[in-house]
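Report on the structure given below.
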Amino acid sequence: MLEIIGVRTQLIEPNDNLTEIFLNALEDQDLELKNNDIIVIASSAISTVTSRIRKIEEIVPSEKAKKLAQKCDLEEKYLEIILQESDKILNPFKDCILTLKDDMLRINAGVDRTNVPAGYALLLPKNSEKIASKIKTDIEKETGKKIGVIISDSHVHPLRRGTTGQALGTSGINEAIDCRTQKDLYGRKLQITFRGIGDQLATAAQLVMGEADESIPIVIIRGADVAFSEKEGESLKIPPEECVYSRYFDYESEEI
């Protein structure tokens, strides 16, 4: 049986020790880790402790930011941060911009103004895989338990309303599993199916994390044995030329 356990924490500040905060919260809430638990951590918490925060007022907008601001109705200084964080601008839209960031389609390059003090912007973490690996090592050292770690962010899908979860970085789990050697209920061999385990677990965690003032930046998922399958996992990321949606985006857009 799959369990999803929210861990409420104190307000997280820059330079805080997130592992220490997590372990203290477990003790305060009378929770205990078990082997093969998966710890899902909101990217906003990671960005905060690693000081991935910009003061919008201090930003000097470029001419490109000023020009794009007219198309998408975003303030120029905020838009400049998006330009600096983007790898490519794909499509300016009303109130947001579709970008390519770290080989993922991202709205506004993941730059956010929620869960951060007024006048500031929160950026996506750098080196999410490395951070996830360090947190995993630190927690395992302190608890003696074998765990997996996912750093998650909210994400939107084409032609769908609302956010789901997306794994930005993982450690200790299979991010994706190739199902093309399996057969369906009628014996037909699967042709293209991969299971996005990392994203599925990130989405499950969001049911408890929420998107507003819930103060639950960390979730424990228990019973997801498939994430620890002995079968070698695949990366969740694929190049644009292998993506079914890529033909609908202008990948010839000017690089940032």
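The values are calculated or read from the model by the stated rules, or taken from the named source; none is laboratory data. Bear in mind the structure is a predicted one, so any value in this text is a computation, not a measurement. Positions of Cβ are generated from backbone atoms using ideal geometry, with glycine treated the same way; all protein chains shown enter the neighbour counts. The area values use the complete protein model at the heavy-atom level, side chains included, leaving out ligands, DNA and RNA. Shrake-Rupley method; radii C 1.70, N 1.55, O 1.52, S 1.80 Å.
Remarks
- Per DSSP, loop GluC sites (Glu not before Pro) in the stretch 56-94 with at most 14 further Cβ within 10 Å: Glu75
- Cβ charges +1 (Lys, Arg) and -1 (Asp, Glu), total dipole of the chain, debye: 680 debye
- With the convex hull drawn over the C-alpha atoms of the chain, the volume per residue is 140 Å³.
- Between Phe93, Phe22, Phe228, the GNM of the chain built on Cα springs shorter than 10 angstrom shows Phe93 fluctuating the most.
- Selection of trypsin sites (Lys or Arg not before Pro), the stretch 80-117, meeting DSSP coil and at most 10 other Cβ within 10 Å: Lys94
- Global geometry of the stretch 69-204, whether rounded, prolate or oblate, following the gyration tensor of its Cα atoms and the 1.5 cut on a/c: oblate
- The stretch 189-244 shape via C-alpha gyration tensor axes, a/c threshold 1.5: oblate
- In the assembled protein chains, Lys189 presents an accessible area of approximately 110 Å² (probe radius 1.4 Å).
- Computed from the Cα positions only, the extents of the stretch 1-142 along the three principal axes stand at 53, 29, 24 Å, in decreasing order.
- For the chain, a Gaussian network of Cα nodes joined below 10 Å ranks Gly110, Gly187, Gly119 by mean-square fluctuation, and the top entry is Gly187.
- Quarter of Cα convex hull surface for the stretch 111-168, i.e. mean projection, nm²: 5.7 nm²
- 17 Å tail of the calculated P(r), the stretch 53-124, as % of Cα pairs: 36 percent
- Residues Lys66 and Ile5, FRET efficiency given R0 of 45 Å [Cβ-Cβ distance, rounded to 0.05]: 0.45
- Top of Leu123, Leu236, Leu74 by mean-square fluctuation, Gaussian network on the chain, Cα under 10 Å: Leu74
- Sparse-neighbourhood loop sites, GluC sites (Glu not before Pro) in the stretch 1-36 - DSSP loop, at most 15 other Cβ within 10 angstrom: Glu32
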